[in-house]
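Remarks on the structure that follows.
FYI, it's all coordinate maths here, none of it is from the lab. Not measured: the values here are computed from a predicted model. Glycine gets a Cβ as well: all are built from the backbone with ideal geometry, and neighbour counts include every protein chain shown.
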Amino acid sequence: MTITIVQAILIGLWTAFCFSGMLLGLYTNRCIVLSLGVGLILGDIPTALAIGAISELAYMGFGVGAGGTVPPNPIGPGIFGTLMAITTVAAKDKISPEAALALSTPIAVGIQFLQTATYTAFAGAPGTAKKALQNGDIKTFKLAANGTIWAFAALGFLLGLIGALSMQTLTGLFALIPPVLLNGLTLAGKMLPAIGFAMILSVMAKKELIPYIILGYVLAVYFGLPVLTPTANGDGLLTAVTSSSVAGVPTIGVALIATIFALIDVFKKPSQVSGETKTEGDNQDDWI
């Protein structure tokens with residue numbers, strides 16, 4: 001698949017909006033959102049959602065940065081991984097969503113360094129904005145206050161544009177990857193969502209939540225919870241279909257079971273926390 005100049009510019013604008021949107025409080029710099037935009041622009045939403053969904057599972061955990069660390073940026077799989085999967089979908093050696101996730105991870109790490117460098121370059125912007133506001137210089141205040149947002153938008157536009165224009169060259173390089181190595185990357189990509197969930201559990205899991213974790217595992221494995229897996233249809237496009245070892249256990253049923261336990265946990269808590277009475281002292285204080 002060949003990406004036109006207009007499509008490349010639109011992908012750049014979409015990346016700029018999503019990358020700078022996180023500074024505006026918008027939930028746009030996520031894999032599934034980035035992938036959906038690329039799918040709409042290139043006209044292949046099923047493939048885009050397939051790579052976006054599997055990437056979102058992994059990056060839900062990668063988004064939990066310990067301390068001041070910056071996790072890999074979702075633009076890697078959201079833009080570059082989606083472009084890899086869509087541009088090779090009609091090729092003989094097409095890139096699966098799992099392989100695209102694995103191949104785009106180094107790019108996501110590289111974008112992480114660019115993001116950190118941008119934050120560092122504009123580290124003095126708050127002080128400059130405050131000083132300009134005190135001096136009544138509104139123009140300088142606006143530039144300093146919004147400079148980081150515009151810098152992220154420009155960086156996102158360049159990343160999206162370069163990624164779209166370089167896909168034809170990268171597609172030729174992907175064709176040189178041996179099938180054995182490509183299968184290994186696919187297996188590595190399948191492991192990344194599990195690693196992402198493990199990272200979430202390492203931060204959020206408490207001993208009180210362990211029974212619910214075990215319950216979810218039992219419902220998924222022993223009761224045949226349907227799993228969405230990307231497969232290719234007759235046209236070569238990837239579609240998400242439901243597969244299950246045991247039929248008759250819909251996902252909505254498992255969600256309702258989880259809702260029941262959540263409501264039980266909420267209702268068993270006291271509605272009002274009784275105030276703790278504390279005396280200021282007794283009849284015989286030590287200092288008397």
Sites matching chymotrypsin sites (Phe, Trp or Tyr not before Pro) across region 2-34 that sit in DSSP coil, with at most 11 neighbouring C-beta atoms within 10 Å: Tyr27
Peptide ranges 126-132, 40-46, 161-167 listed from the most packed, as the mean C-beta count within 10 angstrom indicates: 161-167, 40-46, 126-132
Note, ³J(HN,Hα) from phi for region 75-85, Karplus 6.51, -1.76, 1.60, rounded to Hz, x at Gly and Pro: 4, x, x, x, 9, 5, x, 5, 4, 4, 5
Derived scalar couplings ³J(HN,Hα) [region 158-166; Karplus, 6.51 cos²θ - 1.76 cosθ + 1.60; whole Hz; x for Gly, Pro]: 5, 5, x, 5, 5, x, 5, 6, 8
